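Colleague: There's a structure below that I have some questions on.
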Amino acid sequence: MTIREYRAETDFDGLRRCVVELQDYEYRIDNRFPDGESIADEYITDILERCRQYDGRIFVADVDGCIAGYVMIWTKYSTGDIEDGDFVCGLLADLSVLETHRGQGLGKALMAAGEAYAKDCGVRFLRVGAMAGNRLARKLYERQGFVECHVELEKALDGCSG
């Protein structure tokens with residue numbers, strides 16, 4: 001297994017597979033989200049633009065020539081909200097490991113590569129978000145030293161649940 005920077009000319013299909021699987025997993029947690037296949041191409045275009053906007057990088061886990069996971073790190077992220085002032089931080093914007101490769105340390109290795117890049121860029125604080133129902137991701141982030149800094153709560157007003 002090798003962790004390296006994403007290369008559009010060779011890695012697009014592998015990244016797309018990871019995006020589809022991540023989105024489908026989140027859809028199973030909350031079916032208000034679209035399925036992966038319906039958004040994958042547009043989503044990849046969007047995340048590549050956001051990498052440019054927020055001085056980010058995508059790192060992939062290459063296992064025997066196949067992309068088994070990816071992490072996206074932004075090093076100059078700001079919410080733009082007036083109440084946040086000029087606070088800029090790093091953001092672990094996406095992390096995905098294909099189900100067939102989970103439990104092999106790829107998520108931890110991808111996070112380490114992203115953190116190293118963020119540190120090299122002078123990032124002092126790195127944030128990550130996770131769906132409340134994604135317990136696997138939340139446990140991984142906590143084991144890697146992330147702690148809660150902001151919690152969002154939701155209430156369905158029409159009696160529906162996500």
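Colleague: Given a 1.4 Å probe and heavy atoms of the protein chains only, how would you sort ILE82, ILE67, largest accessible area at the top?
Modeller: Sorted by accessible area, descending: ILE82, ILE67.
Colleague: Also: Which listed residue (ALA112, LEU91, CYS66) has the Cα farthest towards the positive end of the charge dipole for the chain, taking +1 on Lys and Arg C-beta and -1 on Asp and Glu C-beta about the Cα centre?
Modeller: ALA112
Colleague: Hey, of [x] 26, 19, 17; [y] 23, 21, 16; [z] 22, 19, 15, which did the structure itself give for semi-axes √(5λ) of the Cα gyration tensor in Å when calculated?
Modeller: From the options [x] 26, 19, 17; [y] 23, 21, 16; [z] 22, 19, 15, the structure gives [y].
Colleague: If you don't mind, there's one more thing I want to ask. Highest GNM mean-square fluctuation, the chain, Cα pairs closer than 10 Å: which of ILE58, ILE29, ILE73?
Modeller: ILE29
Colleague: What does the charge count around GLY36 come to, taking other residues whose C-beta lies under 11 Å from its C-beta (Lys +1, Arg +1, Asp -1, Glu -1)? Please list the in-between numbers first.
Modeller: Working: positive: ARG16, ARG17, ARG28; negative: GLU21, ASP24, GLU26, ASP35, GLU37, ASP41.
Spelling it out: positives minus negatives among the neighbours equals -3.
Colleague: Pairs of Cα atoms under 8 Å, at least six residues apart: use those to get the relative contact order of the chain, whole percent. All intermediate terms of the calculation are to be shown ahead of the outcome.
Modeller: Details: 218 pairs, mean separation 34.0, N = 162.
Across the chain, relative contact order equals 21 percent.
Colleague: If you count only protein heavy atoms and use a 1.4 Å probe, how large is the accessible surface of LYS119, to the nearest 10 Å²?
Modeller: My reading of the accessible area for LYS119 is about 140 Å².
Colleague: Another question, if that's okay. Once you've got the GNM for the chain with C-alpha springs shorter than 10 Å, pick whichever of ARG17, ARG32, ARG50 has the biggest mean-square fluctuation.
Modeller: In the Gaussian network model the winner is ARG32.
Colleague: With every protein chain in place, what's the accessible area of PHE59 (1.4 Å probe, Å², nearest 10)?
Modeller: Approximately 20 Å² of PHE59 is accessible to the 1.4 Å probe.
Colleague: Sticking with this structure for a sec: For GLU26, tell me the accessible area in Å² from a 1.4 Å probe, rounded to the nearest 10.
Modeller: Accessible surface of GLU26 is approximately 40 Å².
Colleague: Compute the accessible area per residue over the range 88-162, keeping the other protein chains in place, probe 1.4 Å, unit Å².
Modeller: For the range 88-162, the solvent-accessible area averages 69 Å² per residue.
Colleague: Okay, moving on. Test of understanding: what is the full-extension gain from GLU42 to LEU136, defined as 0.36 nm times their sequence separation minus their Cα-Cα distance?
Modeller: 31.2 nm
Colleague: Among VAL151, VAL60, VAL19, which one shows the highest mean-square fluctuation when the chain is modelled as a Gaussian network with alpha-carbon springs under 10 Å?
Modeller: It is VAL151.
Colleague: Counting only protein chains, not ligands or nucleic acids, how are CYS51, CYS66, CYS121, CYS149 ordered by accessible area (probe 1.4 Å), most first?
Modeller: The ranking, largest first, comes out as CYS149, CYS66, CYS121, CYS51.
Colleague: So for LEU110, LEU48, LEU95, what's the accessible-area order with a 1.4 Å probe, most first?
Modeller: Highest to lowest solvent-accessible surface, that is LEU48, LEU95, LEU110.
Colleague: Does a label point 7 Å from the Cα of ASP30, set along Cα-to-beta-carbon, have any residues of the range 54-90 with amide nitrogen under 20 Å, and which are they?
Modeller: 72, 79-81
Colleague: At a 1.4 Å probe, what is the % contribution of carbon and sulfur to the accessible area of the range 80-159? Please report the intermediate quantities before stating the final value.
Modeller: Details: 2880 of 5690 Å².
C and S atoms contribute 51 percent here.
Colleague: Binning at 10 Å from 0, report for the range 83-125 what percent of all alpha-carbon pair distances ends up in each bin.
Modeller: Spelled out bin by bin, the range 83-125 gives 25, 41, 24, 9, 1 percent.
The values are calculated or read from the model by the stated rules, or taken from the named source; none is laboratory data. Because the structure is predicted, anything quoted here is derived from the model rather than measured. Using ideal geometry, Cβ is built from the backbone for each residue, glycine included, and neighbour counts are taken over all protein chains shown. Ligands, DNA and RNA are excluded from the accessible area calculation, which covers all protein heavy atoms including side chains. Shrake-Rupley method; radii C 1.70, N 1.55, O 1.52, S 1.80 Å.
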